[in-house]
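Undergrad: Okay, here's the structure, questions in a sec.
The values are calculated or read from the model by the stated rules, or taken from the named source; none is laboratory data. Predicted model, so just to flag it, every value in this text is computed and none were measured. Glycine gets a Cβ as well: all are built from the backbone with ideal geometry, and neighbour counts include every protein chain shown. SASA here: full protein model, heavy atoms, side chains in, ligands and nucleic acids out. Shrake-Rupley method; radii C 1.70, N 1.55, O 1.52, S 1.80 Å.
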Amino acid sequence: EAGVAQSPRYKIIEKRQSVAFWCNPISGHATLYWYQQILGQGPKLLIQFQNNGVVDDSQLPKDRFSAERLKGVDSTLKIQPAKLEDSAVYLCASSLSPSSYTDTQYFGPGTRLTVL
Amino acid sequence: QKEVEQNSGPLSVPEGAIASLNCTYSDRVSQSFFWYRQYSGKSPELIMSIYSNGDKEDGRFTAQLNKASQYVSLLIRDSQPSDSATYLCAGDQTGANNLFFGTGTRLTVIP
């Protein structure tokens with residue numbers, strides 16, 4: 001079974017530029033998550049989708065971050081304009097269903113963003 | 001109080017010893033707890049989950065949960081150099097299937 005795919009793996013941009021990340025979850029997984037992991041910290045949830053609807057985006061900086069999950073499969077996360085403090089690894093994860101609290105989240109390899 | 005707190009370490013143990021990793025959590029965290037291992041530059045991978053009070057064993061790993069004390073731990077027996085990684089404790093947010101992560105404990109197993 002293929003895992004969670006993300007691209008690009010690395011991205012370097014200058015502040016105030018825009019950037020987009022792509023995620024393809026495990027086939028059949030209804031729930032998709034985007035996390036931000038700053039160096040030395042644990043992942044922080046940015047947004048959670050169930051199919052193509054947003055379940056939780058309470059920690060998403062909506063003035064500069066946006067995300068969508070068209071057709072309930074792939075997802076993109078965009079930052080516009082980027083700030084220095086956005087330098088982090090952006091992790092995508094998916095789970096089969098949110099109906100059970102026992103559901104396991106599977107992580108993709110992440111995109112390492114450096115903002116100069 | 002942060003939702004999930006861990007000692008950041010680093011924790012160093014000799015090969016073959018028991019490594020003990022600890023985590024506490026707040027009232028915002030509910031009933032499911034997870035231990036993820038993260039190698040440097042890699043994504044987190046799940047190694048243990050625990051939902052009930054008591055111990056849960058899987059090979060060299062034992063997770064312990066004490067809901068009264070809001071405490072969860074991970075024991076790694078017969079530690080190997082390949083166990084050297086950052087271990088993330090996570091708990092699910094009450095009423096939702098998303099996770100709060102701790103900052104992670106860096107473990108080094110010395111050959």
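Undergrad: Buried accessible area between A and B (1.4 Å probe, both chains summed, ligands and nucleic acids excluded), in Å² to the nearest 100?
TA: Approximately 1600 Å² gets buried when A meets B.
Undergrad: Treat every Asp and Glu Cβ in chain B as -1 and every Lys and Arg Cβ as +1, leave all other atoms uncharged, and give the resulting dipole magnitude about the Cα centre to the nearest 20 debye.
TA: Dipole size: approximately 140 debye.
Undergrad: Further, regarding this structure: Take the residue pairs A:Lys44/B:Lys56; A:Lys71/B:Lys67; A:Lys78/B:Lys56; A:Lys44/B:Lys67; A:Lys71/B:Lys56; A:Lys15/B:Lys2 and return only those whose Cα atoms are more than 32 Å apart.
TA: Exceeds cut-off: A:Lys71/B:Lys67; A:Lys78/B:Lys56; A:Lys71/B:Lys56.
Undergrad: Identify which of A:Phe65, A:Phe49, A:Phe21 has the largest mean-square fluctuation in a Gaussian network model of chain A, with springs joining Cα atoms closer than 10 Å.
TA: Maximum fluctuation in the GNM of chain A, among the listed residues, is at A:Phe65.
Undergrad: Counting heavy atoms of the protein chains only and a 1.4 Å probe, report the per residue accessible area for the protein assembly as shown as a whole number of Å².
TA: Solvent-accessible surface per residue comes out at 48 Å².
Undergrad: Over chain B, what relative contact order in percent results from Cα pairs under 8 Å that are six or more residues apart?
TA: Once divided by the residue count of chain B, the mean separation gives 38 percent.
Undergrad: Also: Of the accessible area of the protein assembly as shown, with the probe set at 1.4 angstrom, what percent is carbon plus sulfur?
TA: 48
Undergrad: Another question about this same structure. Expressed as a rounded percentage, what relative contact order does the stretch A:12-90 have, with Cα pairs under 8 Å and six or more residues apart?
TA: The normalised contact order for the stretch A:12-90 reaches 38 percent.
Undergrad: Points 7 angstrom from Cα along the Cβ direction at B:Gln31 and A:Ala5: gap in nanometres?
TA: 3.8
Undergrad: How far apart, in nm, are two points set 7 Å out from the Cα along the Cα-to-Cβ line at B:Glu15 and at A:Thr104?
TA: Those two pseudo-labels are separated by 2.9 nm.
Undergrad: Then there is this: Which of B:Leu88, B:Leu75, B:Leu21 ends up with the largest GNM mean-square fluctuation for chain B, with Cα atoms connected below 10 Å?
TA: It is B:Leu75.
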